[in-house]
Amino acid sequence: MSQSRLALRFNLKDYRIFIGRPVLAHLKNPKYIEFLYEDDRKILAISGCEKKTSNSCAIPQKVYNDSNLKCVIYRKAFTEALKIRLGWDDDAQYKAYGSYSPGVEMVGFDLTKATKFTWNDSSDVE
């Protein structure tokens, strides 16, 4: 899998985070994921976990069973906090690419390199 395909999309208007299938595949298709944000460097990491925690988000099994479905996470407070910390525009959409860290089994995204986009150029987040 190409590292450039490890992508996230943020829809700030609807408070949704679209997670590309390759991200989930690198995390071994977990039942849950956790978002870890490091504010100083503006790095967002996603890790997989098998048990629900107070910070985890469930990934429905149907996302793995149906290739037509996208993995979408609704997180109002989290997306609002990112928007403020990163100076992102209201109601905008941003795309970020990440890389997999096998030693810690996380996919990390440098959000300082996230780009604003329109829906017409969102095809690489499956």
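Okay, here's what the table says:
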{"read-out": "The one condition in (1) at pLDDT 95 or above; (2) hydrophobic (A, V, I, L, M, F, W, C); (3) surrounded by 13 or more Cβ atoms within 10 Å (Cβ to Cβ); (4) farther than 13 Å from ILE17 by Cβ that PHE35 fails to fulfil", "value": "(4)"}
{"read-out": "Subset of the stretch 22-60 [under 19 Å from VAL104 (Cα atoms) and either assigned to a helix (DSSP H, G or I) or of a type in the set (Val, Ile, Thr) (or both)]", "value": "PRO22, VAL23, LEU24, ALA25, HIS26, ILE33, ILE43, ILE46, THR53"}
{"read-out": "Considering residues of the stretch 77-126 that are among the aliphatic types (A, V, I, L, M) and more than 13 Å from ARG9 (Cα to Cα) only, the residue modelled with the lowest pLDDT", "value": "VAL104"}
{"read-out": "Members of the stretch 39-86 found to be of a type in the set (Ser, Thr, Tyr) and closer than 19 Å to LYS28 by Cα, listed by number", "value": "SER47, THR53, SER56, TYR64, SER67"}
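The values are calculated or read from the model by the stated rules, or taken from the named source; none is laboratory data. For clarity, every value in this text was computed on a predicted model and none was experimentally measured. Here Cβ is always computed from backbone atoms with ideal geometry, including for glycine, and neighbour counts include all displayed protein chains.
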